Amino acid sequence: MPRLGGSFRDPAGFVFTAGGTLCRQVNRVFADEFEACTSAGLYDTLISEHLLVPHRRVDQSLALTPEAHAVIAPDVIPFVSYPYEWCFGELQDAALLTLDIQLRALEQGFVLRDASAHNVQFASGRPVFIDTLSFERYHDGAPWAAYQQFCEHFLVPLALMATRDSRFGLMLRDHLEGIPLQFGSALLPPRTWANPRLLLHVHLHARAQRRYVDATVSKEIGARRLAKSALVSLVGNLRNAVASLSWRPVGTEWADYTSATNYSDAAALSKQELVRGYLRRAEPRVVWDLGANTGTYSRVAREVAPLVVAFDVDPAAVERNYCDVRAKGDSGLLPLVLDLKNPSPALGWAHHERMSLVERGPADTVMALALVHHLALSGNVPLADVAAFFARLGRTLIVEFVAKADSQAQRLLRNRPDIFPDYTAQGFERAFGEFFVIADCQRVGDAERWLYLMKRREPPSA
């Protein structure tokens, strides 16, 4: 289907592909608002400030349905990610972007009618708003219709991550429409009632919802007039609430894994040179670094590839990686939270609104360094299954085999019986050889580890 699976709810328009070009159709029902935003220069302002994804107007003959008023072609986001894959800092930056856009829009006489976290993507090392049709003209006295949506998509999960546990961000996978205010209020610790901003935007907001459960009363409350200056103050206060939240990525097992590795200096240097050499041989444009930790080898990959997506299960490791990306302005590295034993599935209506990890591939090259022994020895995933999954993710594979004699593998086996007779170098090569051609293998210095360069076996042509 040319229309994207996650673009069907808004009557204003939808996103589709035409001849390999990504397009957004603007329907006639939204023509006046679209032309008002265009003529007022709102789009140009937001694009020039790197807040909104750029777009160009294309021939209307590309339209998918007769309801079209115009067709635009937005820049393509190199890798689509979702809020439940973002670390605390990424979700916070996406929230601040949304509020900054709301303030810029109000300055020019417009307002955001949609404040979903799914309207934000990450490109060139920063968040960017992607829904061009989320703006409409501001009407004097009108309240912000997307206020509750913003709180449920951004403020509530951020508050839970900051005051409870960073893993609360994963709840956004079950709550694609945001964590409900009443649910979030109940989950937050009692001390948050003493925080004036969280009291206002979460707890009292949730209490008002409970009080005005009747639809008629709710409509009357929503119809109350709000001066523009008061709306600007509300958004500013909301921005302060988001900016004041913080979370320090410390205290987890894997956040300090790189500094606590068992590599000798010679082995560490050998591994970097081997990885760099394999990457140069593969010449990838897109690399997925699975189990990237804080991104040491992701940065090696960035020497070769324009885009590296660095996945790790530990939110603290991902947070540290993202903070480094932000501090250094790396435009081609995207850290994301992902559990490979339970990767992001296809979600939403008819399983088509949010793509699975596999659907967003394959990458040119997949790196799986110091990872397979965790999947096999801790996760009980057979080597053949690991190999089959990796073959679905990428065309070329750089993978590390950690022998049982290695101290990290011994650590995994310390408190459990060794039920893995096939976990040997021969068993590893046999399992992966079913799906890949082994192009090269080198020992990592003096460590009980071997690095492989593999190329996926392609099915014979018909």
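Here are the numbers:
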{"read-out": "Selection from segment 199-226 of residues that are over 33 Å from the mean Cα position of the chain (by Cα) and either at pLDDT 95 or above or over 20 Å from residue 109 (Cα atoms) (or both)", "value": "211, 212, 213, 214, 215, 216, 217, 218, 219, 220, 221"}
{"read-out": "Output for segment 345-363, where each listed residue is assigned to a loop (DSSP other than H, G, I, E, B) and open to solvent by 40 Å² or more (accessible area, probe 1.4 Å)", "value": "345, 352, 355, 362"}
{"read-out": "Of all residues in segment 430-454 being more than 16 Å from residue 385 (Cβ to Cβ) and acidic (Asp, Glu), the one that is surrounded by the fewest Cβ atoms within 10 Å (Cβ to Cβ)", "value": "446"}
{"read-out": "Considering residues of segment 403-428 that are free of Cβ contacts under 8 Å to residues at least 60 places away in the same chain and in contact with an Asp or Glu (Cβ under 7 Å, 6 or more places away or on another chain) only, the residue surrounded by the fewest Cβ atoms within 10 Å (Cβ to Cβ)", "value": "405"}
{"read-out": "Selected residue (only one of 112, 91 is farther than 30 Å from residue 320 by Cα, in contact (Cβ under 8 Å) with a residue 24 or more places away in the chain and either of a type in the set (A, V, I, L, M, F, W, C) or open to solvent by less than 30 Å² (accessible area, probe 1.4 Å) (or both))", "value": "112"}
{"read-out": "Among (1) under 16 Å from the mean Cα position of the chain (by Cα); (2) among the polar types (S, T, N, Q); (3) open to solvent by less than 10 Å² (accessible area, probe 1.4 Å), the one test that residue 342 misses", "value": "(3)"}
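A quick yes/no check of all residues on (1) modelled with pLDDT of 95 or more; (2) surrounded by 17 or more Cβ atoms within 10 Å (Cβ to Cβ):
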position	(1), (2)
243	yes, no
269	no, no
287	yes, yes
300	yes, yes
307	yes, yes
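Let's see how each residue does on (1) farther than 20 Å from residue 2 by Cα; (2) open to solvent by less than 70 Å² (accessible area, probe 1.4 Å); (3) of a type in the set (A, V, I, L, M, F, W, C):
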| site | (1), (2), (3) |
| --- | --- |
| 12 | no, yes, yes |
| 15 | no, yes, yes |
| 20 | no, no, no |
| 38 | yes, yes, no |
| 46 | yes, yes, yes |
| 52 | yes, yes, yes |
| 61 | no, no, no |
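The values are calculated or read from the model by the stated rules, or taken from the named source; none is laboratory data. Computed from a prediction, not measured in an experiment: that's the story for all the values here. Here Cβ is always computed from backbone atoms with ideal geometry, including for glycine, and neighbour counts include all displayed protein chains. These accessible areas exclude ligands, DNA and RNA; they are computed on the full protein's heavy atoms, side chains included. Shrake-Rupley method; radii C 1.70, N 1.55, O 1.52, S 1.80 Å.
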